[in-house]
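Asks: Sharing a structure here in structure tokens format.
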Amino acid sequence: MIKAGELAAQALELAGKNAVAGISTWELDRIVNDYVVSKGGHSPCKGYGGFPGHNCFSVNAELIHGIPSKKKILKEGDIISCDIVAELDGYMGDNTRTFRIGAVSEEKELLLRTTEEALYKGIAQAVKGNRVGDIGYAVQTCVESAGYHVVKKYIGHGVGREMHEDPEVPNFGKPGRGPRLIPGMTIAIEPMVNQSTESVNILEDKWTVVEGNGKMSAHFEHTVLITEGEPMILTLPRH
Ligand code: MF3
Ligand code: CO
């Protein structure tokens, strides 16, 4: 899991370096997948439920599951969520960041900062003896106190040999509720945050999930190991 997490994080770092004005999301997807394959890994999203890309690239109002496209060219001022899963030796790392293309508006900047902060508030609760509801409560409180909305329809998850395992890890909840966290568990914590509403729409491509009112949305994710002590973030580019 440590090795798979590192590879997923290195691939995400590479996506961020290449996410500049003028590049298409198809090209970003190709660069990331080529890298993962060159390291002996593989991109399990390809074909998952019929998903056509190797990874998900979601721009501006798009929250998650954006399909890589030669027609989708990044522009200055855009935000792009790169959701990258890498499989290595039978284990999965799953991570996401929303990157800025050049300088972005103040409203996008605040949304990104809050969503990333919510991720770290959630991670801080990922400790032995806590419950999954403690994570969701921390994420939700952070997001809502900034005036934004957590999307409830899509949630974080256990991750291991499969991309999606138990337990479910919602971005909302009540302290002290839900499954107990036990050392050795690996979970993907992934706040998905909308600017103006918790509702979402799905585009005609049947995949792309967008903010319900067409406003901005953001997504940050790490794969985290529950330990006897502090949570260990597995999706860091190097340990
Ligand atoms: N990476 C996503 C997650 O965080 C799932 C990708 S959906 C897929 O859970 F269809 F692209 F695989
Ligand atoms: Co995930």
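Asks: Could you please let me know if Val169 is in contact with a Gly (Cβ under 7 Å, 6 or more places away or on another chain) and surrounded by 15 or more Cβ atoms within 10 Å (Cβ to Cβ)?
Replies: Values: in contact with a Gly (Cβ under 7 Å, 6 or more places away or on another chain): yes; surrounded by 15 or more Cβ atoms within 10 Å (Cβ to Cβ): yes.
So Val169 passes the test.
Asks: Quick check on my filter: what residues within segment 11-44 are within 16 Å of ligand 1 (Cβ to nearest atom), open to solvent by 10 Å² or more (accessible area, probe 1.4 Å) and among the polar types (S, T, N, Q)?
Replies: Asn33 - this is the single residue of segment 11-44 that is within 16 Å of ligand 1 (Cβ to nearest atom), open to solvent by 10 Å² or more (accessible area, probe 1.4 Å) and among the polar types (S, T, N, Q).
Asks: Does any residue in segment 45-64 that is farther than 22 Å from Glu211 by Cβ and open to solvent by less than 50 Å² (accessible area, probe 1.4 Å) come within less than 8 Å, Cβ to Cβ, of a residue that is in a loop (DSSP other than H, G, I, E, B) and near ligand 1 (Cβ under 7 Å from one of its atoms) six or more places away or on a different chain, and which pairs are these?
Replies: That search, which allows pairs on different chains as well, returns His54/Cys45.
Asks: With Ala11, Ala4 as the choices, which residue is under 15 Å from the mean Cα position of the chain (by Cα) and either among the charged types (D, E, K, R) or within 16 Å of ligand 2 (Cβ to nearest atom) (or both)? It would help to see each step written out before you state the result.
Replies: On the way: Ala4 fails: under 15 Å from the mean Cα position of the chain (by Cα).
When all the criteria are applied, what remains is Ala11.
Asks: Then there is this: Go over the candidates Ala86, Ala103, Ala61 one by one and state the one that is under 23 Å from Arg238 (Cα atoms) and among the small types (Gly, Ala, Ser).
Replies: Values: Ala103 fails: under 23 Å from Arg238 (Cα atoms); Ala61 fails: under 23 Å from Arg238 (Cα atoms).
Only one candidate qualifies: Ala86.
Asks: In the set Met192, Met216, Met185, which member is more than 16 Å from ligand 1 (Cβ to nearest atom), closer than 22 Å to Cys56 by Cβ and open to solvent by less than 60 Å² (accessible area, probe 1.4 Å)?
Replies: Values: Met192 fails: more than 16 Å from ligand 1 (Cβ to nearest atom); Met185 fails: closer than 22 Å to Cys56 by Cβ.
None of the other options fit; the residue is Met216.
Asks: Considering segment 117-163 alone, what residues qualify as being assigned to a helix (DSSP H, G or I) and small (Gly, Ala, Ser)? Break it down stepwise before answering.
Replies: To start, the set of residues in segment 117-163 that are assigned to a helix (DSSP H, G or I) comprises 117-124, 132-145.
Scanning segment 117-163 gives Ala118, Gly122, Ala124, Gly133, Gly136, Ala138, Ser145.
Asks: Could you check segment 68-88 and list, in sequence order, the residues that are over 15 Å from Met163 (Cβ atoms) and open to solvent by less than 40 Å² (accessible area, probe 1.4 Å)? Break it down stepwise before answering.
Replies: First pass over segment 68-88, keeping only residues over 15 Å from Met163 (Cβ atoms): 68-82.
Selection gives Pro68, Ser69, Leu74, Gly77, Asp78, Ile79, Ile80, Ser81, Cys82.
Asks: Next question. Name the single residue that is nearest to ligand 1 (Cβ to nearest atom) among those in segment 89-109 being touching a Leu at 6+ places or on another chain (Cβ under 7 Å) and open to solvent by less than 30 Å² (accessible area, probe 1.4 Å).
Replies: Filtering segment 89-109 for residues that are touching a Leu at 6+ places or on another chain (Cβ under 7 Å) and open to solvent by less than 30 Å² (accessible area, probe 1.4 Å), the one nearest to ligand 1 (Cβ to nearest atom) comes out as Asn95.
Asks: Let me ask another. Looking at segment 113-127, can you tell me whether even one residue there is away from ligand 2 (no atom under 16 Å from the Cβ), open to solvent by 60 Å² or more (accessible area, probe 1.4 Å) and under 22 Å from Glu211 (Cα atoms)?
Replies: Yes, segment 113-127 has at least one match.
The values are calculated or read from the model by the stated rules, or taken from the named source; none is laboratory data. Note that the coordinates shown come from a computational prediction; the quantities given were computed from them, not determined experimentally. All Cβ positions, even for glycine, are placed from backbone atoms using ideal geometry, and neighbour counts span all protein chains on display. Areas reflect the complete protein model, heavy atoms only, side chains present, ligands, DNA and RNA absent. Shrake-Rupley method; radii C 1.70, N 1.55, O 1.52, S 1.80 Å.
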